[in-house]
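Okay, structure first, notes after.
The values are calculated or read from the model by the stated rules, or taken from the named source; none is laboratory data. Source: prediction; values computed, not measured. When we count neighbours, we look across all protein chains shown, and the Cβ atoms used for this are built from the backbone with ideal geometry, even at glycine.
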Amino acid sequence: MSFQVRRSVADADTRIAINGQVIMKLNRITSARMLILGICGTLAMQVAEATSCTNATLNFSTSALESVVKEPERVLAEEGLFWEEEPAQHFTRLWAEAVNHQIDYEKWRSDVALLMDLSEEERINHGLVRMTNGIVNGQKPFLKQALPYVCSYLPEGANLDVSIYFTAYIPARSFLWEGIVINVSAPYWHGNPDNIFNNLLHEIWHVGYAKHREFRTEEVTVDAARYDMLDTLHNEGFATHVGYRSNSIFHAPDEKDYLLLEDPDDVARLLRVINDLFAQVDVLSSDDLDRLTWDQGVIGRAFYVVGALMAQTIEDALGKQALIDTVSAGPINFINLYNSLANVDAKIIYQ
């Protein structure tokens, strides 16, 4: 099947769902808050028509990964077509553009070229292929447990329909764009598919969150920059909490965010980082604020760890439903609810 046919087939079942960190960057880089509203508008009918959250359709696609490992000569010879027509690669380009990341194509070519020295048998039995096949072959038992679990942390009727694309040698380890993209070659996974299964819970939950933005009930009482940061803190933190609370079922022994979350000193440090970021909103230029929030909030994991602490605090004090209700209400409700429970030195000062 050609790259182009693969892309057209994938487009037919793709749902638009954008990760919170990407929305934050898109808003200020392109001044396109209305873009979000337009995207969410296309989702209203999907949410209304959703049957049951647990009956969601998740399509697993390995075409990009298999092409890279089994046909590296053709991938390199048709590089432009591969990056344009394979959804995993196309979405990676869009992600990189949104977060101002320069893809190192020379490194990508070098990594793919190394596979050319392998025999056909070595390619078929390559570790990346075996790990991906293990994930795909295990999707039914995984989804049987994962969907009810993820749905239990979303408002009733959430729509989780999404395609999951596996590839290799891209800069991100995983992200959500118009589908979930997993970089199987990322060192972060330590070659352990359990780490990827746990991460999939995080990304699948993002799908439901993104498709509920249109229906928020709260009044936005802060400027766009602050609201974007609050959205990211809510979105990434809640998703990290969902993954962390599932650790007894979908164990991720190498997930660094969970180790940070369990260290009081790291949590206290990252709380200070979050408050420092909000304090810089009126001080820094838009571009400088983008860089700082990316470096400290995303790369430094402050959004993920502090947001997870906030979700944990709400669920432990008020129950799961109170936490779920923040998805329907919005990120200001999430932060204010947390602040009503937190000690003075652990509150989020966002305005």
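Filter segment 285-306 for residues that are among the β-branched types (Val, Ile, Thr), under 16 Å from Tyr258 (Cα atoms) and in contact with a helix residue (DSSP H, G or I) (Cβ under 8 Å, 6 or more places away or on another chain) and give the result. Spell out how you get there, then give the answer.
Narrowing segment 285-306 to residues among the β-branched types (Val, Ile, Thr): 293, 298-299, 305-306.
With under 16 Å from Tyr258 (Cα atoms) added as a condition, the list becomes 298-299, 305-306.
Passing the criteria: Val298, Val305, Val306.
Just to be sure before I move on: is Asp223 crowded, with 24+ Cβ neighbours inside 10 Å and acidic (Asp, Glu) in the structure I sent?
Numbers: crowded, with 24+ Cβ neighbours inside 10 Å: no; acidic (Asp, Glu): yes.
Judged against the criteria, Asp223 is not a match.
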Exercise. Of all residues in segment 282-291, which are surrounded by 16 or more Cβ atoms within 10 Å (Cβ to Cβ) and of a type in the set (D, E, K, R)?
Worked result: Asp290
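Taking the stated definitions as given, is Gly319 farther than 25 Å from His190 by Cβ, modelled with pLDDT of 95 or more and of a type outside the set (A, V, I, L, M, F, W, C)?
On the way: farther than 25 Å from His190 by Cβ: yes; modelled with pLDDT of 95 or more: yes; of a type outside the set (A, V, I, L, M, F, W, C): yes.
So Gly319 passes the test.
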Seminar exercise, completed: Residue pairs within 8 Å by beta carbon, gap of at least six or interchain, first lying in segment 150-164 and acidic (Asp, Glu), second not in a loop (DSSP other than H, G, I, E, B), listed first then second, are Glu156/Cys53; Asp161/Asp13; Asp161/Gln46; Asp161/Leu58; Asp161/Val207
Problem set entry | Test: residue in segment 233-244 that is within 19 Å of Glu156 (Cβ to Cβ) and outside any helix (DSSP H, G or I) | no
For this session: Filter segment 137-169 for residues that are under 15 Å from the mean Cα position of the chain (by Cα) and under 17 Å from Thr62 (Cα atoms) and give the result.
Result: Val162, Ser163, Ile164, Tyr165, Phe166
Exercise. Applying the selection to segment 58-77, what residues are over 19 Å from Glu106 (Cβ atoms), out of contact with any strand residue (DSSP E or B) (no Cβ under 7 Å at 6 or more places or on another chain) and in contact (Cβ under 8 Å) with a residue 12 or more places away in the chain?
Worked result: Ser63, Glu66, Ser67, Val69, Lys70
Exercise. Among the numbered criteria (1) hydrophobic (A, V, I, L, M, F, W, C); (2) modelled with pLDDT of 95 or more; (3) surrounded by 13 or more Cβ atoms within 10 Å (Cβ to Cβ), which single criterion is violated by Trp294?
Worked result: (2)
